[in-house]
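The values are calculated or read from the model by the stated rules, or taken from the named source; none is laboratory data. Not measured: the values here are computed from a predicted model. Cβ placement follows ideal geometry from the backbone for every residue including glycine, while neighbour counts extend to all protein chains displayed. We work out accessible area using only protein heavy atoms, side chains counted, and drop any ligands, DNA or RNA first. Shrake-Rupley method; radii C 1.70, N 1.55, O 1.52, S 1.80 Å.
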Amino acid sequence: MMVLYLRGKNGALEELGRTEVVLNSLNPTWITKHNLMYQFEVVQFLVFRVYDVDTQFRNVDVKMLKLEEQQFLGEAACALSEIITKSDRSLTLDLHRDDATRPAHSQNCGKLLVRAEECVNSKTSIEMTFRCSDLDNKDLFSKSDPFLLISKVVEGGAQIPICKTEVIKNDLNPIWKPVFLNIQQVGSKDSPLIIECYNFNSNGKHDLMGKVQKSLAELEKLYSGGHGESLFLPTAAGQNYHNKVLKSQLFVEKLTESVQHTFLDYLAAGFELNFMVAIDFTASNGNPRLPDSLHYIDPSGRPNAYQRAILEVGEVLQFYDSDKRFPTWGFGARPIDGPVSHCFNLNGSNNYCEVEGIQGIMTAYTSALFNVSLAGPTLFGPVISNAAFIASQSVASSARKYFVLLIITDGVVTDLQETKDALVKASDLPFSILIVGVGGADFKEMEVLDADKGERLESSSGRIASRDIVQFVPFRDVQSRWRDFSSSSSSSRITYAIFNVHAGKKYPTQSLVM
């Protein structure tokens, strides 16, 4: 029997489930599957423990077995991300158990093969454009303001709204913008949908102008046949209701079906995330030798805000980067016997910018504090341009890479327009930036770079960014907002960016390996 645990940050183990007992086998294959929610923004550390269950417990439910009464055979551990980054989503681990006679040693007790698979009912998405003709006029002094509300019908006949169109003013023959439905939302292509057309009223009491009931399969037939479906209105006749068929009709102007790939699909296809770091060495951080400095290295080993930000983000992303060699820069400092640099290699090399692993970043950062003089001002443009150049080289070689640059800073950017220009230029690349603000500064101006409110950045030449590539996060919010950057209910923000970049065919890619 195998028992699966999740190890928390404090080292505590939470049991997630147990397999069935396979009798009399030294090479068991368990059938029981364990479901857990994959979280991109968290390192989910799994522990697998294997037990030999004595024959006297053969008929006992595995949930009722006392593990201390079973013979412990060995354990293995790994992060969930280590499994899902493999092309076949499987990982072979060595089982071991501590040697009681030699406390510093452990015995090798065999191997454990772990496989992961994504539990998604459907990745199919339907895009539809609707129009109506000859709608009734419900307004006294103007034409109706129609919109569509689409609902699914659940068991018992209740209607659950799943999407609606925009309101079109003063139009009895409206054509709405496309709506998007996921098969998983609907249930299946044969599940009934109610499409209701309403006349918008500002008081919230919208007038029903007509409705139809159709499945997605039936809507596909409407589209392929090029004909409409008459709307109807339920009307009361005594104790009964009947449907009054109207001259108004609903048409499906456009219908396309596509597969929305998930982050795990991209990993299986060979995509990698490449992590890059840029650290603010401007004088506003304070003298690194004094305890009130944001760069102060505490002799007790307690990490400062810069170190914590590197660990918080880097420990998540490192598993998705196969070579774990991270480009790392500093900015806003004066290297020994040199002018102020706004993009210098943190490792001190003049030839290469990469360091080995998260510990390599931490070591290079600590070393740099003793080899540069803090200066200023705070300029992001050079660092962003350098990182974007690496991303563009990857594109030119058709590599399947997506780049994430972590910028850690204590102050408001000085070269705001130059930074906007660099961001707009980089917005077509497979590239995203997480800016973490440390210290007590007012970072409101920094949020200008983060276009979460819908206003895309504009360069000095008037070019508009093709997408938002920046997430700004005050360090105090880094754990909660890091989730916003990395994931949503349907897929990670990075996945969405990869999908947009590659689905737009800006760069040639091979078919996803499924």
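A few points about this structure:
- Restriction of the trypsin sites (Lys or Arg not before Pro) in the range 160-268 to DSSP coil positions whose beta-carbon has at most 15 other beta-carbons within 10 angstrom yields Lys169, Lys205.
- Over the chain: helical MRE at 222 nm, DSSP H runs n ≥ 4 each giving -39500 (n - 2.57), nearest 500: -5500 deg cm²/dmol
- Computed over protein heavy atoms with a 1.4 angstrom probe, the accessible surface ordering of Trp329, Trp30, largest first, is Trp30, Trp329.
- Gain upon complete extension [Asn170, Phe251; 0.36 nm per residue less C-alpha separation]: 27.3 nm
- A simple count of charges around Val50, restricted to other residues whose Cβ falls under 10 Å of its Cβ and scoring Lys, Arg +1 and Asp, Glu -1, yields 0.
- Overall form of the range 321-427: oblate. Here a/c, set by the Cα gyration tensor axes a ≥ b ≥ c, is 1.5 or more, and a/b is not larger than b/c.
- Within the accessible area of the chain (1.4 Å probe), percent carbon and sulfur: 49
- Among the trypsin sites (Lys or Arg not before Pro) found in the range 17-84, those both in a DSSP coil and sparsely packed, with 13 or fewer other Cβ atoms within 10 Å of their Cβ, are Lys33, Arg58, Lys66.
- Additional length obtainable on full extension of the chain from Lys66 to Leu233, 0.36 nm per residue less Cα span: 53.8 nm
- Accessible surface area normalised per residue over the chain is 52 Å², counting heavy atoms of protein chains with a 1.4 Å rolling probe.
- Summarising the strand pairing of the chain, around 75 percent of its internal DSSP beta bridges are antiparallel.
- When you filter the chymotrypsin sites (Phe, Trp or Tyr not before Pro) in the range 109-156 for DSSP loop state and at most 12 other Cβ atoms inside 10 Å of their Cβ, you are left with Phe141.
- Recomputing P(r) over Cα pairs in 20 Å bins from 0, in percent from the coordinates shown identifies the correct label among (i) 18, 39, 32, 11, 0; (ii) 18, 42, 26, 11, 3, 0; (iii) 19, 35, 26, 20, 1 as (i).
- Cβ-based charge dipole, the range 1-141, positive-most Cα from Thr85, Met2, Ile126: Met2
- Considering all C-alpha pairs of the range 163-235, those separated by over 21 Å amount to 33%.
- Alpha carbon centroid spacing (whole Å) that separates the range 147-200 from the range 2-61: 44
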